[in-house]
Amino acid sequence: MLNDGVRLAWTQFWAIVWKDLRAEARTRQAWMSMGLFALLTLVVFNFAFDLRVTNQATVGPGALWIAFIFASILGLARNITAEQDRGPMDRLLMTPVDRSVVYLAKVVGNVIVISVIETVALPIFALLYNLPILQPMIAPITLLGTVGVAAVGTQFAALAANTRARELLTPLLIFPLIVPVVIGAVRATEALFTPIHGDAPWLGLLAAFDVIFLSISAVTFQFVVEE
Amino acid sequence: MQSAIQKPANGRLGGIARRAPALGVALGWLRRYGELALLGVTTLAMLLTIWAAFVYAPTELIEGPVQRIFYVHVPLAWISYLAFFFVLLGSVVYLWRRDERWDTFARVNAEIGVVFTTLVLISGSLWGRAFWGAWWVWDERLTTSLLMWFIYVGYLALRSYTGRTAQGARAAAVVGILGFVVTPINYMSVKWWRTLHPDQVLPLGGTPQLPASMIVALMISLAAFTLLYALLTIEVYKLERAQAEAERLRIQVELAGQDAMGIGGE
Amino acid sequence: MNAQTLPIDAARATATPSAAPLAEGMRLAGLVKAFDARPVLRGLTYTLPAGRTLVIFGPNGAGKTTLLRTLATLARPTAGRAWVAGCDVAEEAGEARRRVGYVGHQPHIYEDLTARENLLFFARMYGLRDGAARADALLARVGLSRRANDRVRAFSRGQAQRLALARGVIHEPAALLLDEPDTGLDQEALALLERLVAERRERGQTTILTTHHLERGLRLGDEALTLVRGRIAYAGAASALDVAAVERLYAGQPIGGRLEGGATC
């Protein structure tokens, strides 16, 4: 019995991820705007800070993550508007699917979409900023940071959609919880170029935040979508 | 300051009162004069704190008299942590039991917690200006404190926007639960990172970093502010419940009126 | 069964339906639903035996949609209880969702997927093994086979609603909820809808629908429920009502006609 339940949850999970990605892939405008935004941010930072070789390692990681955050927010924003009238989400919720499965599937979908943009942005960043960013460690850092942003964004996007509290309220709610993720990610990225002895284990902190936030959110999601 | 809504002597307390008359008398006295007594005790404690902080406590060697902000700043901070913990507790129990009173409990604690945290930030800023020469620094303690402030301000904004709806209460409860993630990080920030903000002076399960007289003054102040917190919580809670009840009754009357007039009714 | 007909109409109302089946189609016990301090459903008590077709009437704001959403387990009761297809909507929501299908008056389909992909997705969500076969069969039944691989974005409203109908029954629900499914449908789709309801009746499956089209509702339903301002104004056989009677109920009058002085019984 338990095994059947788990197998069903697994099928449902991937069905949702696949459905979201397929829909995403067909409306190519979202990718365009996200990619453009990320690129623009990186370029503007380059000019704005008049970067010379000495500055790049200091400002670089921050610029990179701001670019990622902007792209993520754009990506999540379409998430909000898509479910805005709650209609399709309602129909989904009427199926015997665990609400935590819905949440986690949406997070994973968002992470994948944002990761595609990030994968394109990283080599461009390496070129523009002349930093050895393409090391193996960048992958877990980027992934954990993105998971954190997506986890927070997905939960609060759903919360806003269900209370019809958009515009001002959503950023206000998302911001304080995303900041720790961003700080962790930036510091971890900095450490790739200029390792500080005895500094906090940023990657571990990111991972801990992600795990804690995801697990609690998965449980609270049912209360967010309930009427 | 007597309770406007007198509850009848039934229920659990009524049962106790019937079985142990002396205790019953005490409970009755408590119900009628409890708040007044609490107000009195709080006032006294505050006066005592003023004495303790400005007269009794010794002047700190390096910082001078400015350091006395400590006796306000620290208790306010500790109590706001407590308040935010109660927001978490109230939110969890509300989602579990769906009892509106727990939701009110959470909301009240969020309001008081935000007020106290605002005072912590202001008092800290003043102290920082005097001691460090800066109104604000972006070290981990201050940053996470500011984040904490934002989270619960967001909580209150959400509540204000959604009004007295079940959906709003549930959404706020979720924010109250998720937002609490930052609070322990804030508390431990001085330990985990090298911050400009001073380290913990009374670490849990560690050795105190203060002379005895300062600890005494701090404890007096803590007691006073805790009493203040209790007073505020009780009063605001009762106010909220009364407002909710009033609205419920008003709508009941309105609906009954519409029913009687047969406006599409029975 | 709860026949809250007014005394003056007792003769016209059919009493209990014949041979009550084993399970209940739907049951309400003091159901209250409030989104804020103002309750939308104000204490509903009713039983629908399984296999019957219930039509729910009511003016706007009466609570029809709220009732259906509660039965669909989307909305949680504030007080009281509700059962659909034998499952408590609050305690046994998971099982209830397996047994209940829903079609609203907006299709709410995934527009960037094809018709077939939509059905396949929901088949997977219901854990159906033969999703592809069912999808193809249903697409044929609702007359969308030719458009199976077209994106729903290009569909007309009638076509989208037909797809929604297919989605609603893909898992062969014991109870089908239809919330104003006939709004804005073309002739073809309407005929399909009526055929579907008739078939379900023949197969002994429960169907609950709301509609603003009084004549159609009375024709399709066995039992009728009229909600006015969150309360049940009439519960009994559909055959005991006509359009005029329902309209009188909406106006707060008894179905038999005005009493002396305009008072209600």
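The values are calculated or read from the model by the stated rules, or taken from the named source; none is laboratory data. From a predicted model like this one, the values you see are computed outputs, not experimental measurements. Counting neighbours? That spans all protein chains shown, and the Cβs are built from the backbone with ideal geometry, glycine included. Areas reflect the complete protein model, heavy atoms only, side chains present, ligands, DNA and RNA absent. Shrake-Rupley method; radii C 1.70, N 1.55, O 1.52, S 1.80 Å.
Structure summary
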| read-out | value |
| --- | --- |
| Rounded to 10°, Cα long-axis angle of helix B:182-192 versus longest principal axis of chain B | 10 degrees |
| Acute angle (nearest 10 degrees) that the helix A:99-129 long axis makes with the longest principal axis of chain A, alpha-carbon atoms | 20 degrees |
| Computed accessible area, A:Ile73, all protein chains, 1.4 angstrom probe, square angstrom | 90 Å² |
| Neighbour-limited loop hits for trypsin sites (Lys or Arg not before Pro), the range B:12-94 (at most 12 other Cβ within 10 Å; DSSP other than H, G, I, E, B) | none |
| Loss of accessible area when B meets C, both sides summed, Å² nearest 100, probe 1.4 Å | 1300 Å² |
| Surface share of carbon and sulfur [accessible, 1.4 angstrom probe, percent] for the protein assembly as shown | 64 percent |
| Accessible area in the full protein assembly, largest first, 1.4 Å probe, for C:Tyr126, C:Tyr46, B:Tyr161 | B:Tyr161, C:Tyr126, C:Tyr46 |
| Between B and A, accessible area buried - total, square angstrom, nearest 100, 1.4 angstrom probe | 2300 Å² |
| Selected from A:Gly204, A:Gln155, A:Ile138, residue furthest toward positive end of dipole (the range A:68-227; charges at beta carbon) | A:Gln155 |
| Residues in the range C:214-243 that, when all protein chains are in place, have 50 Å² or more less accessible area than the chain alone would give (probe 1.4 Å) | C:Arg229 |
| Delta accessible area of at least 20 Å² on complex formation, residues of the range A:1-25, 1.4 Å probe, chain isolated as reference | A:Leu8, A:Thr11, A:Gln12, A:Ala15, A:Lys19, A:Arg22, A:Ala23 |
| All-pairs Cα distance distribution in chain A, expressed in whole percent, bin size 10 Å | 8, 32, 34, 19, 7, 1, 0 |
| Equivalent ellipsoid semi-axes - Cα gyration tensor, the protein assembly as shown, angstrom | 54, 40, 19 |
| Cα centre as origin, Lys/Arg/Asp/Glu Cβ charges: the protein assembly as shown dipole, Debye | 840 debye |
| Efficiency of FRET between B:Trp193 and A:Ala139 - r from beta-carbon atoms, R0 25 angstrom, step 0.05 | 0.45 |
| Positive dipole terminus of the range C:47-182, leading residue within C:Thr73, C:Ala174, C:Ala140 (C-beta point charges) | C:Ala140 |
| Loop chymotrypsin sites (Phe, Trp or Tyr not before Pro), the range A:112-156 (other Cβ atoms within 10 Å of the site Cβ: 14 or fewer; DSSP) | none |
| Solvent-accessible area buried by A and C, counting both chains, probe 1.4 angstrom, square angstrom | 2700 Å² |
| Residue-normalised accessible area of the range C:28-146, given per residue in Å² at a 1.4 Å probe | 35 Å² |
| Accessible area of chain B divided out per residue, in Å², using a probe of 1.4 angstrom | 52 Å² |
| Candidate lysines for bridging to A:Lys106, where Cα separation is under 28 Å - those fewer than 8 sequence places away on the same chain excluded | A:Lys19 |
| Accessible area (Å², 1.4 Å probe, nearest 10) - B:Leu119 | 80 Å² |
| At least 50 Å² of accessible area lost relative to the chain alone, listed for the range C:74-108 with a 1.4 Å probe | C:Leu74, C:Arg76, C:Arg97, C:Tyr102, C:His108 |
| For the range C:139-210: span of alpha carbons on each principal axis (Å, largest first) | 35, 23, 16 |
| Linear extension gain, A:Leu36 paired with A:Thr194, 0.36 nm per residue minus alpha-carbon span | 54.0 nm |
| DSSP-loop trypsin sites (Lys or Arg not before Pro) across the range A:1-67, with at most 13 other Cβ within 10 angstrom | A:Arg28, A:Arg52 |
| For chain B, built as a Gaussian network whose Cα springs stay under 10 Å, the top-fluctuating residue of B:Val201, B:Val114, B:Val92 | B:Val201 |
